[in-house]
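J.: Here it is, the structure in full.
FYI, it's all coordinate maths here, none of it is from the lab. Quick caveat: nothing in here was measured; it's all calculated off a predicted structure. Neighbour counts run over all protein chains shown; Cβ positions are idealised from the backbone, glycine included.
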Amino acid sequence: MNKLSLFLPAALAAYSFRWSWWSKNKKGLNVLVYHKIGYHPRGSKLKELWVTPERFEKHIIWLVKNGYNPVGFSELLDCYKNNKPVDKLVLITFDDGYENNYKYAYPILKKYNAKGNIFIVYNTIGKVNIWHKPEKEVWVNMATKEMLLEMDRSGVIEFGSHTMNHPRLAEISHEDAKWEITESKKQLENLFQKEMFAFAYPYGSGAYNKDVRKLVLDAGHIFDFSFKQGKTQWPWKRDDMPIDRLFIKNTDTCFDLGLHLKKGIAKFF
Ligand SMILES: [Zn+2]
């Protein structure tokens with residue numbers, strides 16, 4: 001045996017440890033988080049957050065084939081209130097409310113009888129992602145009110161709040177944070193004429209800050225979603241922690257998706 005024939009399998013084995021296949025299975029609530037579905041425009045600095053429609057469709061087919069049930073916030077509420085198991089449930093969430101969610105994700109979800117959930121930044125409806133500095137991330141269209149209402153009527157998509165302006169809640173005044181949280185809930189309830197009980201922290205800021213989290217729960221949200229990678233223990237200890245999520249990037253294959261769901265993460269580095 002020459003040196004290379006020994007080295008190569010060892011190197012491959014070491015490389016494969018990047019993936020979590022060797023770690024312990026993790027039980028708990030499965031919440032996927034996507035951002036933009038589509039083809040990243042020129043100049044995008046966050047290319048990995050653009051999942052192509054082809055990749056997204058493969059993920060949905062894989063979920064359905066493997067017995068996962070993609071549900072909306074209302075089904076999760078039923079499980080929470082009635083202490084039902086969630087092992088094969090998956091919540092597909094999208095942060096921010098981009099037009100491309102309507103254009104690409106919504107028809108794919110509909111096609112496979114799957115449900116999705118979108119967190120809306122109220123003041124940017126029908127506008128662009130103005131919270132990003134354009135030199136850091138290009139501006140793209142956000143969904144319009146008409147698109148949101150159509151998706152709501154279809155029953156395919158449910159909605160939650162992601163504040164008024166997408167601030168870092170832990171870095172603004174208590175008064176401003178309170179307004180961002182309560183006003184967005186109120187405006188969305190006006191728009192959809194239904195209760196908004198799910199909230200996602202922009203950038204995850206404030207999710208683990210006692211004061212900010214209290215504002216979110218006191219406003220009447222049942223569920224609050226962090227920006228931390230992982231699965232949340234079920235039954236959920238609501239008083240102790242927000243719900244963690246599994247980050248899906250365009251480079252995630254169906255193998256990666258499976259690892260996220262089973263292990264709470266696909267790759268360690
Ligand atoms: Zn966001």
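J.: Ranked highest first by the average count of other Cβ atoms within 10 Å around their residues, in what order do 181-194, 5-18 fall?
T.: The peptides rank, most packed first, as 181-194, 5-18.
J.: If amide H atoms are built 1.01 Å from N in the plane of the peptide, which residues on other chains or at least 5 residues away come under 5 Å of the amide H of ASP244?
T.: Counting only residues 5 or more places away or on other chains, the set is SER226, THR232.
J.: Let me ask you something else. What shape does segment 23-263 have by the C-alpha gyration tensor, where a ≥ b ≥ c are the square roots of the eigenvalues, rounded means a/c under 1.5, and otherwise prolate means a/b greater than b/c and oblate the rest? Walk me through the numbers before you get to the answer.
T.: Working: a/c = 1.36, a/b = 1.07, b/c = 1.27.
Rounded, because the longest to shortest axis ratio a/c is under 1.5.
J.: Based on the alpha carbons, how large is the Rg to Rh ratio for segment 79-122 when Rh follows Kirkwood?
T.: Working: Rg = 12.8 Å, Rh = 12.0 Å.
Looking at segment 79-122, the ratio lands at 1.07.
J.: For the chain, calculate the relative contact order in percent as a whole number, restricting contacts to Cα pairs under 8 Å that are 6 or more residues apart.
T.: Reported as a whole number, the value is 23 percent.
J.: Here is a further query. Could you tell me the distance between the Cα centroids of segment 12-41 and segment 88-112, to the nearest Å?
T.: 19
J.: Could you tell me how many degrees, from 0 to 90 and to the nearest 10, lie between the Cα long axis of helix 254-263 and the main elongation axis, the longest principal axis, of the Cα atoms of the chain?
T.: Its long axis makes an angle of about 80 degrees.
J.: With everything on Cα atoms, drop me the angle between helix 145-154 and the longest principal axis of the chain, reported from 0 to 90° to the nearest 10.
T.: In the chain, helix 145-154 runs at an angle near 70 degrees to the longest axis.
J.: Now a separate question. Out of all DSSP beta bridges with both ends in segment 23-263, state the antiparallel percent to the nearest 5.
T.: Details: 3 of 29 bridges.
Close to 10 percent.
J.: Please tell me the relative contact order of segment 201-243 in percent, rounded to the nearest whole number, where contacts are Cα pairs under 8 Å and at least six residues apart.
T.: 42
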